Amino acid sequence: MSNIKDIKLAKSGHDKINWVRSYMPILNQINKEFSETKPFAGKRIAMSIHLEAKTAYLAITLAAGGAEVSVTGCNPLSTQDDVAAALAELGFEVNAWRGVTDSEYEEHLKKTLSCCPDVMIDDGGDLTQLLHGECREYGRNLIGGCEETTTGIHRLFARQAAGALDYTMIDVNDADCKHLFDNRYGTGQSTLDGIMNPTNLIIAGKTVVVSGYGWCGKGVAMRAKGMGANVIVTEIDPVKGIEAVMDGFRVMSMNEACALGDLFITVTGCRDVIRAEHFDKMKDGVLLANSGHFDVEIDKQALAAKAVEVWERKPNITGYRMPDGRILNLMAEGRLVNLAAGNGHPAEIMDMSFAIQAKSLEYLVKHAGQLEKRVYQVPREIDAEVAGIKLASLGATLDVLSDAQREYLESYN
């Protein structure tokens, strides 16, 4: 039985799902293929991922392949209640609503795992964490799973290095058709959308401080620059720092940047990137936004401790008045601003990422019992298949090597 906000919201959710379906040609093709081949017949799939329209269509595609799918969110503010209702109306088990408490969030994760899945999709590593702890018994049928995002991959590799990974996992985040497009173009566009929608403020002319210059940070910085911002990048990696400089950005420490920025965006996957000492130097009216998976990149506790007044200025914007009268504005409670205050990545981008997920789950089922308990990269042939379908949908064609060319490239003479 599903645990959702209100089944009466389903009509709007169906409309959203049908809209994104029109712009997801790769999943459409995989849906048709799965409907014929039924790779997940008799299998249960647990999904913990941002529950919005694109995610719903992934769940529908997996169900077309014969799976019994249980779905929950992976962040307290990223679930769209109408989409959750639509999935529940279609017969999926859904345990999610926007604005869950920490205890409700964990209970939803546990209920989703109670189906004892054969394969799973995790986003951030919370399902994986439970399966290695108090929900270990729910992993008795688990062939393996896929991890969607950078933060979850960090947790997986840390667990693997410690010899504490009990299941086969596929690193979807680092597939080329995921991180090169989802992390860069998806995060770049959706983060700025999530900031602009509730604030109704201009980006042009502002100093935007982007913390982290991985693929997500590259995308955010590129989009902000394209909209006329003066972009500063903060980094801990000297190579990424050089790359940011050569891409045309100023690079400095947060201790320097905190006094200059009008808008701060964290995309590091780490904690305490913006801290108490930084709040003391910030301008009146700054915007603080996070696009990392967890709400730990901006130290909310330190911000609240410094404030003499805290209040909701607008939906998804909390004002913190400092003792000297300055107001610092925290967006979406420091959670993923692109999902908590926006609609997440564009459908065409998630089409690639979720196609990788679908084909990676199929790969796990096909290779059940043959894989070690470690983190695997997405097989190259899956990346190539997804890229090929995407290119065809864009009307693009590629050259093909002749036999002579292939022989030349493979020869050492």
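The values are calculated or read from the model by the stated rules, or taken from the named source; none is laboratory data. As the structure is a computational prediction, the values presented were derived from the model and not from experiment. Here the Cβ is made from the backbone with ideal geometry for all residues, glycine too, and neighbour counts use every protein chain on show. For accessibility, only protein heavy atoms count, side chains too; no ligands or nucleic acids. Shrake-Rupley method; radii C 1.70, N 1.55, O 1.52, S 1.80 Å.
Here are some notes:
- Restricting region 187-201 to residues that are touching a residue at least 12 places away in the same chain (Cβ under 8 Å) and farther than 18 Å from Met350 by Cβ leaves a set whose member that is most open to solvent (accessible area, probe 1.4 Å) is Asn197.
- Test set (1) touching a helix residue (DSSP H, G or I) at 6+ places or on another chain (Cβ under 8 Å); (2) closer than 11 Å to Ser48 by Cβ; (3) buried (at least 19 other Cβ atoms within 10 Å of the Cβ) - Asp82 fails condition number: (2)
- When the test is whether a residue is surrounded by 24 or more Cβ atoms within 10 Å (Cβ to Cβ) and either within 19 Å of Glu147 (Cα to Cα) or not small (Gly, Ala, Ser) (or both), Asp123 passes it.
- Any hit, region 402-411, residues being over 30 Å from Val296 (Cα atoms), surrounded by fewer than 16 Cβ atoms within 10 Å (Cβ to Cβ) and hydrophobic (A, V, I, L, M, F, W, C): yes
- Leading residue by the ranking (most open to solvent (accessible area, probe 1.4 Å)) among those in region 351-386 that are closer than 19 Å to Leu62 by Cβ and aromatic (Phe, Trp, Tyr): Tyr363
Rundown of residues vs (1) within 20 Å of the chain's Cα centre (by Cα); (2) more than 20 Å from Glu385 (Cα to Cα); (3) crowded, with 23+ Cβ neighbours inside 10 Å, yes/no style:
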| position | (1), (2), (3) |
| --- | --- |
| Lys5 | no, yes, no |
| Lys38 | no, no, no |
| Ile45 | yes, yes, yes |
| Glu68 | no, yes, no |
| Ser78 | yes, yes, yes |
| Leu90 | no, yes, no |
| Val100 | yes, yes, no |
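- On the stretch given as region 102-112, residues that are surrounded by fewer than 24 Cβ atoms within 10 Å (Cβ to Cβ), among the hydroxyl-bearing types (Ser, Thr, Tyr) and under 21 Å from the mean Cα position of the chain (by Cα) total 1.
- Extreme residue, most open to solvent (accessible area, probe 1.4 Å), among residues of region 217-235 that are under 22 Å from the mean Cα position of the chain (by Cα) and within 15 Å of Ala257 (Cβ to Cβ): Glu235
- Among (1) surrounded by 14 or more Cβ atoms within 10 Å (Cβ to Cβ); (2) closer than 23 Å to Gly342 by Cβ, the one test that Phe279 misses: (2)
- The residues on offer are Leu288, Leu339, and the sole one that is in a strand (DSSP E or B), in contact (Cβ under 8 Å) with a residue 40 or more places away in the chain and within 28 Å of Gly186 (Cβ to Cβ) is Leu288.
- When Glu333 is tested against (1) assigned to a strand (DSSP E or B); (2) closer than 27 Å to Val83 by Cα; (3) not aromatic (Phe, Trp, Tyr), only condition (1) is not met.
- Where Met331 falls short, out of the listed (1) buried (at least 24 other Cβ atoms within 10 Å of the Cβ); (2) touching a Pro at 6+ places or on another chain (Cβ under 6 Å): (2)
- Being in a helix (DSSP H, G or I) and either farther than 18 Å from Tyr185 by Cα or open to solvent by 70 Å² or more (accessible area, probe 1.4 Å) (or both) holds for only one residue in Glu348, Glu312, and it is Glu348.
- Residue in region 133-152 that is among the aliphatic types (A, V, I, L, M), out of contact with any His (no Cβ under 6 Å at 6 or more places or on another chain), open to solvent by less than 10 Å² (accessible area, probe 1.4 Å) and touching a residue at least 12 places away in the same chain (Cβ under 8 Å) present: no
- Residues satisfying the stated conditions in region 162-186, i.e. hydroxyl-bearing (Ser, Thr, Tyr) and either open to solvent by 20 Å² or more (accessible area, probe 1.4 Å) or in a helix (DSSP H, G or I) (or both): Tyr167, Tyr185
- Unmet requirement for Cys115, which otherwise passes all of (1) in contact with a strand residue (DSSP E or B) (Cβ under 6 Å, 6 or more places away or on another chain); (2) buried (at least 21 other Cβ atoms within 10 Å of the Cβ): (2)
- Only one entry in Gly319, Gly369 is in a loop (DSSP other than H, G, I, E, B), over 19 Å from the mean Cα position of the chain (by Cα) and of a type outside the set (D, E, K, R), namely Gly369.
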